[in-house]
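Some notes on the structure that comes next.
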Amino acid sequence: MIQAKNLKKVYSTEEVETTALNNVNIEIKEGEFVAIMGPSGCGKSTLLNIMGLLDNPSDGEYHFLGHDVSNRTERERAQLRKGNIGFIFQSFNLIDELTVFENVELPLLYLGMSADERKEKAEAALERMSMMHRRNHFPQQLSGGQQQRVAIARAVVANAKLILADEPTGNLDSDHGNEVMKVLAELNEQGTTIVMVTHSPHDADFAMRVIHLFDGHVVTENMQEGFHV
Amino acid sequence: MLKNYIKIALRSLFKQKMYSFINISGLALGVACCALILLYTTNEWSFDEFHSKSDRIYRAWTLEDYGEGDIYFNTVTPFVLKPTLEQSIPEVEQIARRYVFNDLVKRSESDESFSTSIQAVDPEFFSIFDFELLRGDSEQLFSGLNEVVLTPELANQYFENEDPLQKTLLIMMGGQFQAFTVTGIIEKAPSNSSIQYELLIPMEKAKTILNPNSLLNWYSVTPETYVLLNEQADLTSVQAKFPAMMEQALGEDYNEGEYEVGLQPITDIHLNTEFPVGIASVSDPTYSYILGAIALLILIIACVNFMTLSISRSTSRAKEVGIRKTIGAERHHLMYQFWGEALLMSVFSVCLGALLSEFLLPYFNQLSGTQLSLQLSADSILLYSGLALFISLIAGIYPALVLSNFKPIEVLKGKLQIKGDKSLFRKGMVVFQFTISIFLIACTLMVNKQLDFLRSKDLGFQKEQVVILQTDLKLGPQMGFSQITQESVRKKELFESQISGNSSVLDLASSIYTPAQQGWIGVDFKDADQQTRRMNINFVDADYLNMMGIKVIEGRSFSDEITSDERRAIIVNQALVDDYGWDNAIGKKLPGSNFEDHEIIGVVENFNYQSLRTVVEPLAMSINPSLLLSGIANIGFFNSPSPRISLKISAENIPETIKNLEQTWSAVSPGTPFDFQFLDSSIDSQYRQEERLQKIAISGSTLAIIIACLGLFGLASLMISRRVKEIGIRKVLGASAASITLLVNKEFTILVLVSILLAIPMAWYAIGAWLDDFAYKADMGFWMYLLAGGIAISISWITISIQSIKAAQVNPVNSLKSE
């Protein structure tokens, strides 16, 4: 599903040049659950953004679903992103002015689906996350764990093949965090590919494979044996 | 999708109540102001267009040119023009003349009479124009001589609830009351008609009281002549026939090019100041341009506000943009969304503005001296929709283009850098708004100063506590100038003897004209050297100059003791002496040395008997009218000469004095109305248009600065929200709240200073152009511009400080944590 060859990402301001990723080579197959770990500033989020087609690499090749997407325009990347990739953020990133249902429905709106279809899919996603009873609430009225479940519902509502999670439990206490990890593991069991950035070894235990980054390099790649469910 | 946008738009409107309020109220104010002024200007520009035949109706003019500047251009015409046109020009369908005079009208012999504007018209008046005849038969109207047609308002004044038709009304004609029968009721003319009336009588009747010579004479001009051409007529070819017509009409008096006749479209009358004023009112188009410009400036300020506030809101919308983009929104989705929001907001504002304009209309009418009404028509709906669309396009352009271009990862990571932040765009907007505001403030101050100057300038005579009484004496076939002046002096003396016990009347005198009456008698004549000269004249009694405090600088004033004064004495002003270039005017003769008896006995200092728009023109005064009228080729007057008595009263208990005067008046002049005015207020009334401009300028500039400050408020909050971290760090390092307030205010102060520099030359130019209309100008000191700038700086400081003081007091722990 994902092939990255010699990925390089350099951020430059007027005077300083910072290399966030340097010669990163990664391959992720469909149905995998991969965790990316490493200290702050090692390039985890940068890698996730490139994988999620939110950003272009400065150099190297990146293939997503068989397409070379290393140097696509914003518009082309947006087209490919739609319906294929779901995002989950540490700070949930729900739109405060929209209700739970409307937040979940939003990706379908941009896919141009009819109202009936949207209703059906959004309700199914909420049902799956056990959030139907909260469908008319606004994000601020929910607990952190609930907000993250809504965010997951939004990520999966369009049947995304890949879910990218950026420290999904970073803002949650351990109970709620566990809950969210279980949901992700379930999704993975049902066939969704998941790539997750995390600081937490506990969360990483849910993944099949852990990639360690340090100063923009891949240092180790471990296959986990018999990960927990 | 649309539903989603509207939902988001409404919810974010409600969530950020402050911004929404500023944005919507600013725009609504701008729209209301614009709508009202637009209403006023469209009214001005659409004068007389309501007549269904307005494209075929013309007003005739005459132009006599005898060379050497000896030109008489008039839009009032000879009576004889109508029959002549009817005979010689086949394209003429109908012609109606109108002639207006004031006289007394009452219901019956025993009733009190009222001075009323009486309009004599030809019967064609009712078919050429679209004035609606509410009652009566338009075919039969004015078939008799003693018929009268009234407006419902006037009919109500005389007959109250009775049916006015076939009732009798007594109208003073040629010195005696005559009975007229009411045969029609006609709707009052709309406010955008240059022809206004309240009482109409047949022209044929009016002719009976006029000098028979003037009815046949081509050199005596009295009525306006309105010509309706037939549908096939071509104006150029019609006008081409006029020289031949005049040649035939004047016979041997005709010289080519000396006597021209022409036609002016009726729709051109109201705003064309190049034609002389006839009976129809004329308005200076400059004032509608100025008003239009003020409206446009205010609307632009409001739109700019909308933009700047949208930018300031964009930081809080950035996250939403980021999320939407990550989950699949494309740029065009977001552009539609933001443009849609702007449209929603502007539709909201325009609706609110429309309501507000309805609410403000009575005040606006008062301000502009109009009687406009707002009607919801297809046109106005189209106009409002257009306005909403225009505003949303302009105001939504920045958020639509810039917000939609945010990079999702940057905003989600909080690394947002709004493009254009470093550019001059944002600062340019502030400078733009403040330049306009300061310009308007400076202009308002200048208009104020000029008006103060006009009101307080020493006019060279006593204007306070002078009451002027209008006599009922009028120049006419029965009464010449000599009779009315003699009769007026007699009335004055009678009045004087009656009031002699009253200590509140200090002095009194009579004259044909008093200051502030537009155009005293203007005369043209050839002096001994055959040079054409112009002067104004007035006939006064021996006490007038003394009573008015007009200073005699050479020779002496008129005297009751010197009986020859009445026969031969003339007093002139300095301007006349300068015009002739005399070293010593005393003993000189007017109009020339061949008039041995017309001797100048005194010269008075120039006093401003006309408005301060014009310099003091040459003036001659005498007790005896024939002294100044013999040897004069041409006489013209705007107001028909009617003597007035001027009284100097004491400043104490003025209402009581007026009451006493009224009682005395009814004994001296029974049956005539007590028509009085204060000289100072009638002098002030000459500047009514300027006063209106002043009021509108004050309202306009206040509105502009309010709207600009709303924008500044929003911008300051934007800037502060971006500098939260900097402010936090400064505070941790020990900065005081005052120094932080100063830091934030400084940036905006520089912008306002730049605006002052830009606004000064603009205001200087505009004020200079406006002052060109005045012969006497207030000194426009540079400090006025500084004052305008000072006002702008102070108001902007208050606005910004509300935000910056708040920001400076925030606990730095909170502001640093939020980063």
Rg/Rh for the range B:692-819, where both radii come from Cα atoms and Rh is the Kirkwood radius: 1.15
Number of partner chain Cβ atoms within 10 Å, mean per residue of A:95-102: 5
Net charge dipole size for the range B:1-152 [Lys, Arg +1 and Asp, Glu -1 on Cβ; Debye, nearest 20]: 1980
Zone of A:Asn23's modelled label, taken as backbone nitrogen in the range A:32-61 under 15 Å from a point 7 Å along Cα→Cβ: A:59-61
Per-residue Cβ neighbour rank within 10 angstrom, fewest leading, B:His598, A:His202: A:His202, B:His598
Stretchable slack from A:Glu61 to A:Asp205, in nm (0.36 nm times residue separation minus alpha-carbon distance): 48.9 nm
Fully extended contour minus Cα-Cα distance, from B:Phe21 to B:His332, at 0.36 nm per residue: 109.2 nm
Whole-number percent relative contact order across chain B, with pairs defined as alpha carbons under 8 Å at least 6 apart: 15
The range B:144-300 shape via C-alpha gyration tensor axes, a/c threshold 1.5: oblate
Protection proxy ranking, peptides A:12-19, B:656-663, A:83-90, average beta carbon neighbours within 10 Å, highest first: A:83-90, B:656-663, A:12-19
Cα-based shape type of the range B:685-726, given that a ≥ b ≥ c are square roots of the gyration tensor eigenvalues and the cut on a/c is 1.5: prolate
Relative compactness, the range B:490-540, computed as alpha-carbon Rg over 2.2 N^0.38 Å: 1.77
Which of A:Gly60, A:Ser12, A:Gln90, positive extreme of dipole for the range A:1-142 (C-beta unit charges): A:Gln90
Radius 15 Å from Cβ of B:Asp597, net charge of other residues (Lys, Arg +1; Asp, Glu -1): 0
Per-pair calculated FRET efficiency, R0 = 25 Å: B:Asp284 and B:Ser115 via Cβ, rounded to 0.05: 0.35
Per-pair calculated FRET efficiency, R0 = 25 Å: A:Ala124 and B:Glu410 via Cβ, rounded to 0.05: 0.15
Distance in nm between pseudo-label sites at A:Asn136 and B:Gln462 (7 Å out along the Cβ direction from Cα): 8.5
Hull volume in cubic angstrom per residue (convex hull over the Cα atoms of the range B:473-611): 138
Degrees separating the helix B:285-326 axis from the principal Cα axis of chain B, which is the longest one: 10
Radius ratio Rg over Rh of the range B:529-596, counting only Cα atoms, Kirkwood formula for Rh: 0.95
Rg over Rh [alpha-carbon atoms, Kirkwood Rh] for chain A: 0.97
Residue-averaged 222 nm ellipticity for chain B, from DSSP H runs of 4+ at -39500 (n - 2.57), nearest 500: -16000 deg cm²/dmol
Cα convex hull volume per residue for the protein assembly as shown (Å³): 255
Most to least packed among B:795-803, B:156-164 [average Cβ atoms within 10 Å]: B:795-803, B:156-164
Global form of the range A:166-214, assessed from the alpha-carbon gyration tensor, a/c cut-off 1.5: oblate
For B:Lys167, net neighbour charge (Lys/Arg +1, Asp/Glu -1) across residues whose Cβ lies under 14 Å away: -2
Pairwise label distance in nanometres, B:Tyr72 with B:Lys526, each label 7 Å out on the Cα-Cβ vector: 1.5
The range B:469-563 - percent relative contact order, Cα under 8 Å, separation 6 or more: 21
Gain on full stretching of the segment that runs from B:Val754 to B:Val615 - 0.36 nm per residue minus C-alpha separation: 46.1 nm
Residue-averaged beta-carbon neighbours from other chains (10 angstrom radius) around B:28-39: 0
Size descriptor, Kirkwood hydrodynamic radius, that averages inverse alpha-carbon separations across the range B:20-66, Å: 14.5
Order of B:Glu320, B:Glu330, B:Glu258 - criterion: other Cβ atoms within 10 Å of each residue's Cβ, fewest first: B:Glu258, B:Glu330, B:Glu320
Relative contact order of chain A, pairs being alpha-carbon contacts under 8 Å that are 6 or more residues apart, as %: 28
Label point at B:Asp452 placed 7 Å out along Cα→Cβ; residues across the range B:783-805 whose backbone nitrogen lies under 13 Å: B:783-785, B:787-788
Inverse mean reciprocal Cα-Cα distance (Kirkwood Rh) of chain B, Å: 31.8
Two-decimal log10 I(q)/I(0) for the range A:1-136, as the Debye equation yields it once each C-alpha is a single scatterer, q = 0.17 Å⁻¹: -1.04
Crossing angle, helix B:425-456 versus chain B [Cα axis fit, 0-90 degrees, rounded to tens]: 30
Inter-probe distance in nm under a simple model that places probes 7 Å from Cα toward Cβ, at B:Lys725 and B:Ala651: 7.0
Between helix A:115-128 and chain A: long-axis angle, C-alpha atoms, 0 to 90°, nearest 10: 80
Cβ crowding within 10 Å averaged over residues, with B:777-788, B:716-727 ranked highest first: B:716-727, B:777-788
Cα pair distances exceeding 29 angstrom across the range B:250-408, given as percent: 47
Peptide B:541-547, shielding by other chains (average Cβ, 10 Å cutoff): 0
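No value in this document is a laboratory result; all are computed from the given coordinates. None of the values given here were measured: they were computed from a predicted structure. No Cβ is skipped: glycine too gets one built from the backbone with ideal geometry, and neighbour counts run over all protein chains shown.
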